[in-house]
1. Any chance you could count how many residues in segment 170-216 are under 16 Å from Val129 (Cβ atoms) and either of a type in the set (S, T, N, Q) or without any contact (Cβ under 8 Å) to a residue 12 or more places away in the chain (or both)?
2. Given the condition surrounded by 15 or more Cβ atoms within 10 Å (Cβ to Cβ), hydrophobic (A, V, I, L, M, F, W, C), under 17 Å from the mean Cα position of the chain (by Cα) and modelled with pLDDT of 95 or more, answer yes or no: does some residue in segment 105-120 qualify?
3. How about segment 255-275: which of its residues are without any contact (Cβ under 8 Å) to a residue 40 or more places away in the chain and among the polar types (S, T, N, Q)?
4. Go through segment 306-315 and give me each residue that's in contact with a strand residue (DSSP E or B) (Cβ under 8 Å, 6 or more places away or on another chain), assigned to a loop (DSSP other than H, G, I, E, B) and modelled with pLDDT of 90 or more.
5. Considering only segment 240-292, state which residues are touching a helix residue (DSSP H, G or I) at 6+ places or on another chain (Cβ under 8 Å) and part of a strand (DSSP E or B).
6. Name every residue in segment 330-363 that is within 21 Å of Thr260 (Cα to Cα) and not aliphatic (A, V, I, L, M), in order of residue number.
7. Return the residue satisfying two criteria in turn: it lies in segment 272-282 and is among the small types (Gly, Ala, Ser) and either in contact with a His (Cβ under 9 Å, 6 or more places away or on another chain) or surrounded by 14 or more Cβ atoms within 10 Å (Cβ to Cβ) (or both), and of such residues it is nearest to Val308 (Cα to Cα).
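The values are calculated or read from the model by the stated rules, or taken from the named source; none is laboratory data. Everything quoted here is computed from the prediction, not taken from an experiment. In this analysis, Cβ positions are derived from the backbone assuming ideal geometry, glycine residues included, and neighbour counts consider all displayed protein chains.
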Amino acid sequence: MIALHQQRHDYARFLPAVNNTYARWAARSGISSNTRRPVEGVSLRDLNFLGPKSPLFHYDGALYTAAFGVFDRGPTIISQRLRSRTFLLGDSGGFSLISGAVRVPMHQFRRLVLDWQEANCDVGVALDVPTRSLNDPRSGYTKFEACLNDSENNLKFLISSRARSDLLLLNVLQGRNHTEARAWLKRVVPYKLDGYAIAGHTRLDLHFWCKQFRNMIEQNAFDHVRHIHFLGTGEPGFGVLLTALKRALSSLVGRPIEITFDSSRAFRVAQANKIISLGLKLSSFRGTGASDAFAFRSWQLPRDGGHVGRAVPFPFNSPLGNRCTVGDFMPGVDPLKPAFDTTGLNMLSNHEVYVEIASIIQANRLADLAQADQSLVPWHIQKGVEAITGFFARSISDAWFDKFKLSLRYYAVDVTDMEGNRD
């Protein structure tokens, strides 16, 4: 059994965002009429990577949303996890609420979310109204201020109602652009929870967020922060930059700051689109890593049966994949029907979780290698690490930091403030 988390060292912690199908499937104790054993010698429960005794691999952390957890009935790998050996971050399910996937009024749902988080999680995210709801007619929200007001009311409820002192709670920071993100931050900073969950369109803009964090430190508004989570990204290169941020912040404030990030790629993309990762993409250009390196190498598997040699050993490496044939993953033989059944799809997710975590660890190791010549680390990551480390280690001016803007915004979406300026 491979204990992947033991290879993580002091890197930012990646959290696979598990879906409820996998959470239930990998908790099953036996085979029924609509299930099958993944492969000889491997049970459904062996797919539970949170289980320290899994013969495949063990990883000690995950994200699970309250949009699933509140309504789970029956055992899951979340409810059955060994609390002393694993870590769970509970997302609030805010977008599921405003998109109609959760049909419970907000004032009732926030109580259900907090109760579930206090019963199951180590860290919980406050229930908010995501600003992307303004682009979804189903949400009923048309104004930024309404999103912020309702999110603030949920914070007041959270602070007055929390009962578990050892459950860390994170204040969500939203915004479709820098102007909105600043306004949101200014409003919620007085509500001192245990850290922040960075969301919205600006969440991958480390040039912007490093400045906000340093401003908070200089204004003595960071003393309560123990944990920062970046929602909805699993890019290995971005993970390396978050490792630099974790180290820099922890060194500056003189205490550990945990930084986590999550992705549902192993469950949403792999299961819906039959796309899997093969490992870390590595390529070089003129003595440094190519700009498109430190991403996942991907492969599209057949959707329908009968298009592959089912007896061939599964050609992609993972603890599960190395035990299987292609037919173990894709039992379908009819070219007019799906190649995968539910067991095969969940096997695919197990493979994908392993490859993603291993790739992120490899990217961090290559960055720490700091090879001066013929490095595989892309230039934007090298400069981004330099910028983050320097910005928090010394009295560096904003003008110096701004020189690294393109590197620090490499993974960010382009946003424009309300005045039409890109700052």
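1. Total satisfying the criteria: 2.
2. Taking every residue of segment 105-120 in turn, none turns out to be surrounded by 15 or more Cβ atoms within 10 Å (Cβ to Cβ), hydrophobic (A, V, I, L, M, F, W, C), under 17 Å from the mean Cα position of the chain (by Cα) and modelled with pLDDT of 95 or more.
3. Result: Asn273, single match.
4. At the first step, the residues of segment 306-315 found to be in contact with a strand residue (DSSP E or B) (Cβ under 8 Å, 6 or more places away or on another chain) are 310-314.
If we keep only those that are assigned to a loop (DSSP other than H, G, I, E, B) too, we end up with 310-312, 314.
Correct list: Ala311, Val312, Phe314.
5. Once the filter is applied, which keeps residues that are touching a helix residue (DSSP H, G or I) at 6+ places or on another chain (Cβ under 8 Å) and part of a strand (DSSP E or B), segment 240-292 yields Glu258, Ile259, Phe261, Ser263, Ile275, Ile276, Ser277, Leu278, Gly279, Leu280, Thr288, Gly289.
6. Looking only at segment 330-363, we keep the residues that are within 21 Å of Thr260 (Cα to Cα), and these are 349-350, 352-363.
Scanning segment 330-363 gives Ser349, Asn350, Glu352, Tyr354, Glu356, Ser359, Gln362.
7. Here is the first cut: in segment 272-282, the residues among the small types (Gly, Ala, Ser) are 272, 277, 279.
After this cut, where a residue has to be either in contact with a His (Cβ under 9 Å, 6 or more places away or on another chain) or surrounded by 14 or more Cβ atoms within 10 Å (Cβ to Cβ) (or both) as well, the list is 277, 279.
Details: Ser277: 19, Gly279: 22 Å.
Among them, the one singled out is Ser277.
Per-residue answers, yes or no, for (1) at pLDDT 95 or above; (2) closer than 19 Å to Leu348 by Cβ; (3) over 20 Å from the mean Cα position of the chain (by Cα):
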{"position": "Leu4", "(1), (2), (3)": "no, yes, no"}
{"position": "Gly41", "(1), (2), (3)": "no, yes, yes"}
{"position": "Leu47", "(1), (2), (3)": "yes, yes, no"}
{"position": "Pro52", "(1), (2), (3)": "no, no, yes"}
